[in-house]
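The values are calculated or read from the model by the stated rules, or taken from the named source; none is laboratory data. The shown structure was predicted, so the numbers you read here are calculated from the model rather than taken from an experiment. All Cβ positions, even for glycine, are placed from backbone atoms using ideal geometry, and neighbour counts span all protein chains on display. Just so you know, the surface numbers come from the protein's heavy atoms only, side chains and all, with ligands and any DNA or RNA stripped out. Shrake-Rupley method; radii C 1.70, N 1.55, O 1.52, S 1.80 Å.
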Amino acid sequence: MSGCDHPGLMPVEAALARLMLLAEATAIRETESVALAAANGRVLAEPLIAGLDLPPWANSAMDGYALRLADWTGQPLTVSQRIQAGSAPAPLQPGTCARIFTGAPLPAGADTVEMQENAVLTADERVTFTQPLRLSQNVRPQGQETRRGDNVLAAGTRLGPIELGLAASLGAAQLTVRRRPRVAVLSTGDELVEPGLPLGPGQIYNSNRRLLIAWLQRLGCEVVDGGILADDLELTRAALGALSAVDLILSTGGVSVGEADFLGVALRDEGELALWKLAIKPGKPLTCGQFRGVPVIGLPGNPASTLVTFGLLARPYLLRRLGVQRVEPLGFAMPAGFTWSKPGNRREYLRARLEHGRVVPYPNQSSGVLRSAAWAEGIAEVLEGTTLNEGDSLRFIPLSEILG
Ligand code: AMP
Ligand code: MG
């Protein structure tokens, strides 16, 4: 098993590397300050620096009794105060203990907490402990999680539920984020019709528009819906020209070498056109260029190709334009539940599931079959020039890694 370069086809890594360079050259640097409540899905523009220690003071990890360990001689201790979460305790009177609850501040002078399950109240309301005690047990020390001044989240971090919870724990009410990218979506093809309208002869419903718009929204983009673009050079020019205020024009279809592929002609005449033949299946042709200065990515029109090329190339490109560093999806090695006997010259991304711990591809891997991806839980990568026997391992990328 070995990878092999195929002359004339661009390996996926090379395409990704080029896209990363293009993304960095056109990074979206404008920032805005947003309330924490509005920051879900955005990308941090500045590191989040802790303004306080977490926890801000030593506190109890248990409901129980706080004491100074040196005071425990085996003789019952008097309970000198009661400390609830949210209260400010007095210093611990020497030779006593304090009733304390989870999350309540440790009183000055206490260094140890015993849980209530190991405590017994004596007849005179004092407390004795049934188990040996260890210094500092059940105490959460000040700054255990974070020290004031720590860089808690780096610039370029995508904000999701965990990051927002963390920012809230530090009292951050506003965050500085990159502005949303504005992305225009164009679906090219005379054959395309929107759902809700009847299909005429030779027509099909437009799937890519909804696929990409929903996906871009998940990525925090502001979407400009360019609708369906007929296969016509003048209309293509006019549509591209009307999109001068976006950060990216993302189109589908019309990127192969067919006669009705006008996107390329328009880019060549009034911008810049690179037609990449990728060593990727589905999704060999990809257009990458600009129209009057606006970056354009043209994805292949078959819906499964659109899915794979957007997920593996355009998505990382967009995230990198926002300063995100780790843009590639995580994948992990899993054993094949199938055999692959014909080595290909393109890397195959099979829409697949995990069944009994093995990768099982959808039976129809045609690039027009979006149903394969709806059935799938991930995409499994079969490298160029390789064969697989059952049980051989291949990389499996969960769809959840690329969809958000
Ligand atoms: P093209 O690259 O324009 O030749 O399109 C390749 C294939 O994808 C053709 O079968 C098209 O009908 C199909 N296709 C292109 N765009 C879409 C779309 N938005 N929704 C569904 N199928 C499409
Ligand atoms: Mg077409």
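Annotations
- Sorting ARG18, ARG134 on solvent-accessible area from highest to lowest, probe radius 1.4 Å, gives ARG134, ARG18.
- Amide H contacts under 5 Å for GLY378, placed H, 5+ residues apart: ALA352, LEU399
- Karplus-derived HN-Hα couplings along the range 346-362 (A = 6.51, B = -1.76, C = 1.60, θ = phi - 60°), whole Hz, x at Gly and Pro: 10, 6, 9, 10, 7, 6, 9, 10, 9, 10, 6, x, 10, 7, 10, x, 5
- Within a Gaussian network of the chain (alpha carbon springs, distance under 10 Å), most fluctuating of GLN217, GLN290, GLN93: GLN93
- The apolar share of the surface of the chain, taken as the fraction of accessible area on carbon and sulfur atoms (1.4 Å probe, ligands and nucleic acids excluded), comes to 53 percent.
- Centre separation in Å (Cα based) which lies between the range 250-305 and the range 40-97: 61
- Cut-off under 5 Å, modelled amide H: who pairs with GLY271 long-range: ARG292
- Note on ALA374 and ARG18: their simple-model spin labels are 3.4 nm apart, each label 7 Å out from Cα toward Cβ.
- Kirkwood hydrodynamic radius computed over the chain comes to 25.3 Å, based on all pairs of distinct alpha carbons.
- Dipole of the chain, positive direction: furthest Cα of ALA172, ILE213, TYR317, with charges on the beta-carbon: ALA172
- Exposure of LEU275 as accessible area (Å², to 10), given a probe of 1.4 Å and all protein chains: 90
- Distance (nanometres) between label positions extended 7 Å along Cα→Cβ at LEU199 and THR73: 9.1
- Backbone HN-Hα couplings from phi across the range 50-55 [Karplus 6.51/-1.76/1.60, Hz, Gly and Pro as x]: 5, x, 8, 6, 10, x
- Percent RCO, i.e. relative contact order, over the chain, from Cα pairs under 8 Å lying at least 6 residues apart: 17
- For the range 159-218, the Cβ-based charge dipole about the Cα centre amounts to some 340 debye (Lys, Arg positive; Asp, Glu negative; other atoms uncharged).
- Length added when fully stretched, ARG148-PHE332, from 0.36 nm per residue minus Cα-Cα: 62.6 nm
- Entry note, the range 59-140: relative contact order of 40 percent, from Cα contacts under 8 Å with a spacing of 6+ residues.
- In this view, the solvent-accessible surface of VAL79, computed with a 1.4 Å probe and all protein chains in place, comes to about 50 Å².
- Per-residue [θ]222 nm for the chain (sum of -39500 (n - 2.57) over DSSP H runs n ≥ 4, rounded to 500): -5000 deg cm²/dmol
- Within a Gaussian network of the chain (alpha carbon springs, distance under 10 Å), most fluctuating of GLY289, GLY143, GLY74: GLY74
- Of the listed residues THR188, THR306, the order by accessible area with a 1.4 Å probe, largest first, is THR188, THR306.
- Inter-site label distance for ALA108 and LYS277 at 7 Å from Cα along Cβ, in nm: 7.9
- Computed with every protein chain present, the accessible area of TYR349 is close to 10 Å² [probe 1.4 Å].
- For the range 59-140, the gyration tensor built on C-alpha atoms gives a rounded shape. Its axis ratio a/c (a ≥ b ≥ c) stays under 1.5.
- Remark: the Cα gyration tensor places the range 332-403 in the oblate category, a/c being 1.5 or greater and a/b not exceeding b/c.
- Charges were assigned to the Cβ only: +1 to each Lys and Arg, -1 to each Asp and Glu. The resulting dipole of the chain about its Cα centre is roughly 280 debye.
- Across ARG82, ARG320, the residue with the most accessible area heads the list, and the full order at a 1.4 Å probe is ARG82, ARG320.
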